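Notes follow once the structure below has been shown.
The values are calculated or read from the model by the stated rules, or taken from the named source; none is laboratory data. Everything quoted here is computed from the prediction, not taken from an experiment. Neighbour counts are summed over all protein chains in view; Cβ atoms, including those assigned to glycine, are modelled from backbone coordinates with ideal geometry. Keep in mind that these areas ignore ligands, DNA and RNA; they rest on the heavy atoms of the full protein, side chains included. Shrake-Rupley method; radii C 1.70, N 1.55, O 1.52, S 1.80 Å.
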Amino acid sequence: MPKFAAGVVKFQKEVFPEKKELFERLAKGQAPEALFITCSDSRIETGLITQTDPGELFICRNAGNIVPPHDTHTGAMTASIEFAVAALKVPHIVICGHTHCGAMKGALNLGALDSMPHVRDWLSHTRAAVEIVEEIGAEMSDAERLQALTEHNVLIQLNHLRTHPAVAKALALGRVQLHGWVYDIEDGEVLAYDDAQKLFLPVSERYAAEVAKYVQQAHCAA
Ligand SMILES: [Zn+2]
């Protein structure tokens with residue numbers, strides 16, 4: 001039996017009974033706090049990083065945490081974004097890139113992807129970010145260029161996200177907030193884009209006031 005199948009048995013015997021009330025409540029419906037768009041990379045565990053339970057994040061994953069700009073063609077991302085924003089009315093949307101991303105490495109070297117035409121075509125949605133890094137990255141090391149691309153890709157995908165009608169409407173009515181994050185696999189750091197300063201800051205700094213308020217509420221509730 002593969003390890004992940006044995007894991008299901010362990011979940012049913014040991015984990016599910018402990019959280020039975022949560023799952024019974026979730027069977028009645030979902031009201032996630034965020035649409036969380038991240039890479040398919042196996043090294044990203046969204047529940048672990050954000051310490052959230054089932055029901056709290058509506059998750060869309062694909063290679064490179066890409067959001068194609070809106071057009072009339074219906075795709076998985078288009079439909080999922082529309083559902084999360086128009087039906088579930090998520091108050092937050094996070095696009096979370098990550099370090100050592102294979103998709104970002106591929107985007108820097110599209111010529112090497114001739115044997116994977118779908119990957120190559122998909123990564124064309126990162127083109128603006130690649131061109132930015134080609135412009136600003138002449139003096140950068142390979143690692144710095146990859147980090148710069150990862151960050152600019154998140155910002156470009158946020159721009160694409162704003163072209164989706166449900167998102168544009170929710171933004172205009174002040175019903176949704178957008179967030180650009182980059183998760184560092186090696187040290188657990190999560191950077192978040194600060195619109196005012198135009199740079200990525202640690203989440204602990206970017207959301208210092210919100211985190212302090214949440215910790216205080218949790219303390220009072222305990
Ligand atoms: Zn990735």
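With out of contact with any His (no Cβ under 7 Å at 6 or more places or on another chain) and in contact (Cβ under 8 Å) with a residue 40 or more places away in the chain as the only criterion, which of 6, 107 stands out?
Values: 6 fails: in contact (Cβ under 8 Å) with a residue 40 or more places away in the chain.
Only one candidate qualifies: 107.
The residue of region 28-41 that is farthest from residue 184 (Cα to Cα), among those that are more than 16 Å from the ligand (Cβ to nearest atom) and open to solvent by 60 Å² or more (accessible area, probe 1.4 Å), is 28.
In region 134-164, the qualifying residues are those that are more than 24 Å from residue 184 (Cβ to Cβ) and exposed (fewer than 13 other Cβ atoms within 10 Å of the Cβ), and the one that is farthest from the chain's Cα centre (by Cα) is 138.
Residue by residue, here is whether (1) over 19 Å from residue 169 (Cα atoms); (2) surrounded by 14 or more Cβ atoms within 10 Å (Cβ to Cβ) holds:
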position: 1; (1), (2): yes, no
position: 16; (1), (2): yes, no
position: 26; (1), (2): yes, yes
position: 43; (1), (2): yes, no
position: 48; (1), (2): yes, no
position: 90; (1), (2): no, yes
position: 95; (1), (2): no, yes
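Among the β-branched types (Val, Ile, Thr), within 16 Å of the ligand (Cβ to nearest atom), crowded, with 19+ Cβ neighbours inside 10 Å and modelled with pLDDT of 95 or more, is that true of residue 85?
Numbers: among the β-branched types (Val, Ile, Thr): yes; within 16 Å of the ligand (Cβ to nearest atom): no; crowded, with 19+ Cβ neighbours inside 10 Å: yes; modelled with pLDDT of 95 or more: yes.
Spelling it out, it is not the case that residue 85 is among the β-branched types (Val, Ile, Thr), within 16 Å of the ligand (Cβ to nearest atom), crowded, with 19+ Cβ neighbours inside 10 Å and modelled with pLDDT of 95 or more.
Checking each residue in region 50-71 for being open to solvent by 40 Å² or more (accessible area, probe 1.4 Å) and within 14 Å of the ligand (Cβ to nearest atom) picks out 61, 63.
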